[in-house]
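Here's the structure, in structure tokens; my notes come after.
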Amino acid sequence: MNEIEVCPDPQHLARVAAGHIARIAAEVIAVRGRFTIGLPGGSTPRLLFTLLSNLPWVRRIDWAHVHVFWGDERCVPPDHPDSNYRLAYETLLHHVPVPTEQIHRISGELPPAEAARSYEQTLRAFFPEDASANPQPRFDLLLLGLGDDGHTASLFPGTLALTETTRWVVENYVPRLDAWRITLTAPAINAAAHVIFLVSGAAKAEALQAVLRGPFRPSAYPAQLIQPRAGQLLWLVDQAAAALL
Ligand code: 6PG
């Protein structure tokens with residue numbers, strides 16, 4: 001079930017997203033003493049990260065009990081301008097009291113296959129495996145973006161990562177970018193308790209309409225693969241992105 005919340009503009013979207021994050025974090029920390037969140041890459045989350053690192057939000061999340069992960073990463077060093085870690089560090093993590101040992105970045109500086117293996121080992125050591133035949137990590141919350149081509153995380157149209165059914169993390173070569181990416185797989189994302197897409201801007205309107213209203217063609221629109229098995233899915237979009245819905 002795709003729940004959709006339309007916000008007037010990007011600033012409002014960031015505020016609503018911050019509210020959901022704070023609410024879920026408080027609920028989970030009260031019960032389990034820790035909160036695991038996977039951050040997206042790209043430019044959309046910048047507004048949200050900046051909001052979370054300032055009053056009042058910086059005080060509304062118990063950062064000492066937060067564990068930070070990523071949904072995907074570019075195959076670049078952590079100080080590279082394209083690094084998803086660098087964006088999150090500069091706009092959020094440098095400004096909030098998350099213990100360093102609770103920041104689990106993807107080692108984009110490693111060779112792709114090694115980076116994927118290393119991150120999967122980190123996840124398997126952190127998330128207790130459930131007894132199912134195909135255990136997956138159950139993130140409390142995964143934030144995702146949507147590309148104008150319908151990709152999410154680094155699950156790009158027509159790429160090998162879309163066919164992965166057991167691995168939690170894969171290296172994924174993206175011909176359109178002529179670049180390698182490290183990404184959570186769709187089964188890993190779908191094991192999350194909460195998934196929130198953040199989609200902003202007119203450039204996303206066609207992709208959003210195709211993903212949410214078009215025929216099921218996940219090879220062309222990988223974001224359609226995201227259907228949490230036992231979790232809640234929310235599409236937080238602004239009016240410009242929702243123009244064709
Ligand atoms: C990445 C992201 C990717 C992103 C979308 C949207 O590493 O680029 O994980 O999935 O969320 O491409 O990017 P924008 O927010 O920049 O439009």
Highest average packing first - 57-65, 37-45, Cβ atoms within 10 Å: 37-45, 57-65
MRE, 222 nm, helices only [DSSP H, n ≥ 4, -39500 (n - 2.57), over the chain, to nearest 500]: -8000 deg cm²/dmol
FRET efficiency for Ala26 and Thr100, using Cβ-Cβ distance with R0 set to 22 Å, rounded to 0.05: 0.45
GNM top mover of Ala230, Ala18, Ala188 - the chain, alpha-carbon springs below 10 Å: Ala230
The chain - convex hull of the alpha-carbon atoms, volume per residue in Å³: 116 Å³
Glu90-Ser43 pseudo-label distance in nm [points 7 Å out on the Cα-to-Cβ vector]: 1.3 nm
Backbone N under 13 Å from the Leu245 label point (7 Å along Cα→Cβ), restricted to region 207-231: 207-214
Net lengthening on full extension, His12/Ala203 (0.36 nm per residue, minus Cα-Cα): 66.9 nm
Separation in nanometres of the label points that stand 7 Å from Cα toward Cβ, at Thr166 and Glu5: 3.8 nm
Segment Arg213-Asp149, length gained on full extension (0.36 nm per residue, minus Cα span): 21.6 nm
Potential lengthening between Ala131 and Asn54 on full extension [0.36 nm per residue; Cα-Cα distance subtracted]: 23.7 nm
Debye-sum result for region 1-104 in log10 I(q)/I(0), which assumes one identical scatterer on each alpha carbon, at q = 0.15, 0.16, 0.20 Å⁻¹: -0.64, -0.72, -1.11
Spacing of the two label points (7 Å from each Cα toward its C-beta) at Gln121 and Glu109, in nm: 1.7 nm
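Bear in mind these aren't lab numbers, they're just calculated from the coordinates by the rules spelled out. Treat the numbers as computed from the prediction; the structure is a model and nothing was measured. When we count neighbours, we look across all protein chains shown, and the Cβ atoms used for this are built from the backbone with ideal geometry, even at glycine.
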